[in-house]
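Every number here is computed from the coordinates shown, using simple stated rules; none is lab data. Just so it is clear, the structure is predicted and the values come from calculations on it, not from any experiment. Cβ atoms come from the backbone with ideal geometry, glycine included; neighbour counts cover every protein chain shown.
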Amino acid sequence: MSENKSCPRVDIGGQAVLEGVMMKAPDAIAITVRRPDGTMVVQRKEYTPAAKKHKWLGWPIIRGVVNMGSMLSMGMSTLEDSMKMLGEEYEEEPSKFEKWLAEKLGKNIDKVVMAVAIVLAVVMAMGLFVALPAGVEWLTGKLIGFNAAEAAAEADSWKGVFVTVVGGLTKVVILIGYMFLVGLMPDIRRTFQYHGAEHKTVYCNENNLPLTPENAAGFTTLHPRCGTAFMLIVMVISMVLFLFVGRDISAFLPRFLLHLALLPVVAGVSYEVLKGLAHKDNRFTRAARWPGLQMQRLTTKEPDAKMLEVAIVSMNVALHGMPENAPLTEEGWAVLTDYRQSEKGYVFPTEEAAAEAAE
């Protein structure tokens, strides 16, 4: 088997899934999972970024909003695909509601299940990180006697600032608490290990090293472009923004609606901040990156060698395509027994070649 050389650096994103890793290259994504029998099943899908279809979608700020939407949709479909790739024992039975909805809409049950999952995820996120903090802000305002009529008075100007800061800190506390609690679940902890494998493999590629478990193992699990760091930046940016916009609003519903309306702006600015901090290295950027990196201690864990192999397969396939002549499942997924089978240029021996070698 040939020694794998990493391609010139490009920004590769990724996502950990149950018993696997997704890697997103500039023009394709690859998902690899390790089945209970030890084999690795991998699929590859080509895609065209929105900015290539419409240049204005790649403009600063706007691209952050587009990226948030696309990653949410892609993330849910990736989770759905990975569950199917693992096998029947990991697939969940659709609920009666989902079956009824699919029948009434005349849609494929898998698409309905994914749509319902996306809606539930968005509703939960809005409840935890928008509605609940807005409620805490409203309650805090009540406790300190903050109201819109008095907010303009110079003597009470500190109250709007105080309420906004409390709301921002509430979001951070909720985020940390949520990550800590879900990390106690065994399946999620293993997923966090695959998250660590994803980061180590990305580092290995960025440093132009051959993609091997040994090389990847030497890197940290903490990466500046991680979604965990992005979420923390979103919390901080939103708090700073609301110190200037709407801090004198005391009623719950207007505060909630304002936070909701400005979420795309927050996401767009946060995306630019994340990329800026990740691609520059000086005292300021290192200090600004530090909190986000420390947050990742909750969402990444040290992977084992087999997890690193899975991440490497996804990286290779995303960058170089599916290995030639690879054995396929009925669904068209490649089945690998060794991570080196995903290296660029590797060709699976045909039956004729195997027979000749045996003679």
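Between the exposed loop cleavage positions of the chain, defined as trypsin sites (Lys or Arg not before Pro) in a non-H, G, I, E, B DSSP state with at most 16 neighbouring beta-carbon atoms within 10 angstrom, the longest gap is 108-279. With respect to the chain, whose longest principal axis is taken over its alpha-carbon atoms, helix 109-126 is tilted by about 40°.
Shown is the FRET efficiency for Met124 and Val173, computed with R0 = 25 Å from the Cβ-Cβ distance and rounded to the nearest 0.05: 0.90. Which one, (i) 1.13; (ii) 0.96; (iii) 1.01, gives Cα Rg over 2.2 N^0.38 Å as derived from the coordinates shown? This structure yields the entry labelled (i). Its DSSP H runs of at least 4 residues, each contributing -39,500 (n - 2.57), put the calculated 222 nm mean residue ellipticity of the chain at -19000 deg cm²/dmol, to the nearest 500. Normalised by the number of residues in the chain, the average gap of Cα pairs under 8 Å and 6 or more apart makes the relative contact order 27 percent.
Taking amide H atoms as placed 1.01 Å from N in the peptide plane, the amide H of Cys226 has no partner under 5 Å among residues 5 or more positions away or on other chains. Using the charge dipole of the chain (Lys, Arg: +1 at Cβ; Asp, Glu: -1 at Cβ; taken about the Cα centre), state which of Gly167, Pro323, Gly58 has its Cα farthest towards the positive end. My answer, from the dipole projection, is Gly167.
Compared with the direct C-alpha span, the chain from Thr350 to Glu330 gains 5.3 nm at full extension, assuming 0.36 nm per residue.
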